[in-house]
Amino acid sequence: MTAGVDALVASHPLFAGLPGDVTSGIAQCARNVAFGPGELLLVEGRPADTLFLLRRGRVAIEIHAADRGTLVVETVDAGGAVGWSWLFPPYRWHFDARALGPVGAVAIDAACLRSAMEADDALGRLLVTRVAGVLLERLQATRLRLLDLYGADRAG
Amino acid sequence: MRFGSTATIDRRGLDLLIAGLVEAGFETKGPTVRDGAIMPGTILTSADLPAGVRDAQGPGRYRLEQVGNDRLFDWAVGPGSWKAEFFPPSQELWRSTPTGEIASHGPGTGTTPLAIVGARPCELAAMAVLDRVLLDGAVSDPHYAARRVDAFVMVAECGAPASTCFCTSMGTGPSADSHFDLALTELDGDTGHRFLVRVGSDRGAAVLEGVPHAETVPAELAARDRVLAAASDAIIRTIHTEGLARRLADAVDHPRWEEIAERCLACGNCTLVCPTCFCSDVSDTTDLTGEVRRDRTWASCFDLDHSYLHGGPVRTSVSSRYRQWLTHKLSTWWDQFDTPGCVGCGRCVAWCPVGIDLTAEVAALTADDGRAGIGPGRPTDAESGPESTSGEGTP
Amino acid sequence: MPAEASAVRDRPPIGPDPLEPVPYRVVDRRRETDDVTTLSLESLAGTVPVFVPGQFNMLTAYGVGEAAISVSSSRREVGALRHTVRDVGPVTAALCRARPGDVVGVRGAFGTPWGVDGDDLATGDVVVVAGGIGLAPLRGAIDELIHRADPDGGRVFVVAGAREPAQIIFGDDLEDWGRAGAVIAVTVDTAPSNWAGHIGLVTSLLGGVDCDPATTASLICGPEIMMRFTARALIDRGLDPRRIRVSMERNMQCGLGWCGHCQLGPFLLCRDGPVLPYAGEVARLMTERER
């Protein structure tokens, strides 16, 4: 079973190209999971204890308030990853994530991953760099979305 | 005759008691048989009460059966409750000119005092709960108070509970211990059809003084005890109330709410028949003369727009509305008013068109620490190699 | 045992009907943005209204309906009672259209205040964070806090966020408060190129607030998402959640705890709120999914 998860971690874009021993190490913290349509992967306020590598399906990042209802911020597809708040204290989710259809993912236990990063500086640096890359891309995209580029004040 | 004393009267005495109330200027109302159910109506003599009738109730079920005897109170509760007398389904609050000068204060004041003949102990408890909500706040509701404050209440203790009753769990029956002017217990026995009467107020004492009555003998007191014990034993539904507020709070994410929502129609029947539900809507209307009128009408937390904020309703799903109703009734009502919201009358069970049983749902919701719907997902066997990432079709 | 049946009857006589509005005249009207208007009201009978910052009144637009509107006056201001209204429905639209001389009904003041009279806000730093029209319920509290007599010299920090520069309200008050010694920071989500001020979420300005978290209290008002993210950011900086207060909003119809609409879990917001401490129950309720 571990061998299978190994391969799933190694083939996921977030970890693509990393040495085999690194991905095996990460796979020690991982297991293969599935979600049905509408099920929640994470809930705002709850402990942020998992990094999800999406393998199949689509996940909506949402936020909810009584005065606005449920607002979808963006979606993440297979090949992406969901759940970053496990990196920083107080390790609590800031948004909800919901499976829009059947979702297959690799769930990596955050505490296990953090320990592995503490124990191995190189691993720590590698992972943080990879994660930072994803976050930078998302930040840039979010900035552009904020500008409402398709908005009504364009003449054409 | 003073507070706390007891006496025994017969059917004729009861007739004279009712006549005395009428003569004293009360509008006398009590349970009557109407439209196939026990409903509030005018009582001028004991013949207007539901003689020879029993009710068979269950989840989503209510039937009256004629048993052909002359007993008056061998039934539990009908769909109507006494709250409609003090807090009518629709009520004008005030009328004014377009510039805010009050033209009339609403018909709440100056009404004929009400005498209730034959309320049930659970209904007394419900009235006490509504008193807490509408009279015990920072200010009292004058429209509710207008009719409630002078109301004369004669309770009839229960001898024949329905299968939907659970007053024993809520501490509201089958006996009546307070909040009444007079309490009747219909006795059986070979000494004839008689009623044990207990006095709960000076006003009740005065009314009882005026009718022929006999001193209660020990055998009659024992007969009352038997009636109440048999009634308690006959109650089959229960709610385990110890720590209930906390257990319901823990069940906020329980999957049962979704399951209930598959059955619940959000029709609001339960809130209509509930003797303690007090939610209301306020609406203003105006006409061609410009006169403004404000009305208050019964509302239900099952209405989609009950929780409306400018962005839309807060509780859109049926499950969130059912959860609001049940947790309010049995949990947060305590925080808000320091009393339970439910008196165990069982009306919501009988009058739910799909037969949702509050007692069964509470038991299911508090049976375990069920939390569901949140990750980390169901484990699956790891496949041997990378899969297509199209996300479609693969189970 | 007392005669409890008569306990209902032994109640004190009931005063004027609290469901009847008292007519007030609009004496001034100020358009703050294209959908926000401040009305100044004076009672026809000449009575002085009683309120504490944070509370709200039920305002009646005769013939249209009634809405809960926070009082935006400070008690240091003599004269008319201010209410800042945002047009979000028929009643608030009618109120926003009201002109000087029009009559508006007033019931109140209801609800829990921000607590500027209490010991907790008498000394020490206070961080006030307002989102959009959330600055209106805070206006009176900010003014009174800036002018409180605090021997320890506690400072008042005001962080105000708006969607864009045209949506900023009380611009002149913000300047006055700055001149009176408060630290003012304003931000917007988006802005035209001639805006030289800050652009970003209110939480991004909190880092620049130079307060001692251990002795700081906070008042927050705005959209729910903004309030809870701000509260969390402040808690991450070390503020005590019990010293963070938020103003919660739900459907209000009677203001007296009788109609049941404003329930939020164990609270009736017209009576137990709208101002509530963020700790415990409120933090949980703000995150709970009512779908």
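General remarks:
- Per residue of B:285-298, other chain Cβ atoms within 10 Å of the residue Cβ number 2 on average.
- Each 5 Å bin, from zero up to the one with the longest distance, holds this percent of the alpha carbon pairs of the stretch C:155-273: 2, 10, 16, 19, 17, 15, 11, 7, 2, 0, 0.
- FRET efficiency for A:Thr70 and A:Leu135, using Cβ-Cβ distance with R0 set to 41 Å, rounded to 0.05: 0.95
- Computed over the stretch B:116-180, Kirkwood Rh from alpha-carbon pairs, angstrom: 12.8
- Taking only Cα atoms of the stretch C:22-110, radius of gyration then Dmax in Å: 11.6, 33
- Globularity ratio of the stretch B:311-352, using Cα Rg and 2.2 N^0.38 Å: 1.36
- A simple charge model with +1 on the Cβ of Lys and Arg, -1 on the Cβ of Asp and Glu and nothing else charged puts the dipole of the protein assembly as shown at about 660 debye relative to its Cα centre.
- Taking the stretch B:278-292 and a reference point 7 angstrom along Cα→Cβ of B:Ala103, the backbone N atoms nearer than 20 Å belong to B:283-292.
- Computed E for A:Arg46/C:Ser204 - FRET, C-beta separation, R0 30 angstrom, nearest 0.05: 0.75
- Overall, the ratio between the Cα radius of gyration of the stretch B:244-365 and 2.2 N^0.38 Å, rounded to two decimals, is 1.19.
- Fraction in percent of alpha-carbon pairs per bin - 5 Å, the stretch C:248-291: 5, 26, 33, 21, 14, 3
- Between C:Tyr62, C:Leu44, C:Phe110, the Cα set farthest toward the positive side of the dipole of the stretch C:22-110 (charges on each charged residue's Cβ, about the Cα centre) is that of C:Leu44.
- The stretch B:177-330: radius of gyration and largest Cα-Cα distance (Dmax), Å: 24.1, 69
- Inter-chain Cβ neighbour count for C:263-271, averaged per residue, equals 5 (cutoff 10 Å, partner chain atoms only).
- Chain C - share of DSSP beta bridges that are antiparallel (%, nearest 5): 60
- Each peptide in C:194-207, B:343-356, B:292-305 was scored by the mean count of other Cβ atoms within 10 Å over its residues; highest first, the order is B:343-356, B:292-305, C:194-207.
- Its alpha carbons considered, the stretch B:6-234 gives a radius of gyration followed by a Dmax of 18.6, 70 Å.
- Sites listed here are trypsin sites (Lys or Arg not before Pro) in the stretch C:231-289 whose DSSP assignment is loop and whose Cβ has at most 15 other Cβ atoms within 10 Å: C:Arg237.
- Quarter the surface of the alpha carbon convex hull of the stretch A:93-156 and you get the mean projected area, 7.3 square nanometres.
- The calculated Kirkwood hydrodynamic radius for the stretch B:245-315 is 15.2 Å, given to one decimal from all distinct C-alpha pairs.
- For chain C, the relative contact order comes to 17 percent (Cα pairs under 8 Å, sequence separation of at least 6).
- Across the stretch A:76-109, the residues whose backbone nitrogen lies under 17 Å from the label position 7 Å along the beta-carbon direction of A:Gln28 are A:108-109.
- Mean Kyte hydropathy of 1.0 or more with a Cα span along the axis of at least 15 Å, helices from DSSP in chain B: B:121-135
- Between B:Ile239 and B:Ser169, the built amide H atoms are under 5 Å apart, and every one of these is 5 or more places off in sequence or on another chain.
- The protection proxy used here, the mean number of other Cβ atoms lying within 10 Å of each residue, ranks peptides B:275-281, C:175-181 as follows, highest first: B:275-281, C:175-181.
- Mean projected area (nm²) of the alpha-carbon convex hull when the protein assembly as shown is viewed from all directions: 43.8
- Net dipole in debye of the stretch B:244-365 [+1 Lys, Arg Cβ; -1 Asp, Glu Cβ; about Cα centre; nearest 20]: 280
- Rounded to the nearest 20 debye, dipole of chain B from Cβ charges on Lys, Arg, Asp, Glu: 380
- P(r) tail fraction, chain C - alpha-carbon pairs more than 37 Å apart, %: 15
- The helix-based estimate of mean residue ellipticity at 222 nm for the protein assembly as shown, built from -39,500 (n - 2.57) per DSSP H run of four or more residues and divided by its residue count, is -7500 deg cm²/dmol to the nearest 500.
- Considering only the protein assembly as shown, percent of DSSP beta bridges that pair antiparallel, nearest 5: 75
- Treating each Cα of chain B as one equal point scatterer and applying the Debye formula with no solvent, the log10 of I(q)/I(0) at q = 0.11 Å⁻¹ comes out as -0.86.
- Diffusion coefficient, µm² s⁻¹, Stokes-Einstein with Kirkwood Rh over alpha-carbon pairs of the stretch A:2-144 at 37 °C and 0.692 mPa s: 211
- Packing-based exposure ordering (other Cβ within 10 Å, fewest first) of A:His12, B:His254: B:His254, A:His12
Computed from the coordinates by the stated procedures, all read-outs in this text should not be read as laboratory data. Predicted, not measured: the structure shown is a model, and the values here were computed from it. Quick reminder, even Gly has a Cβ in these numbers, built from the backbone with ideal geometry, and neighbours come from all protein chains shown.
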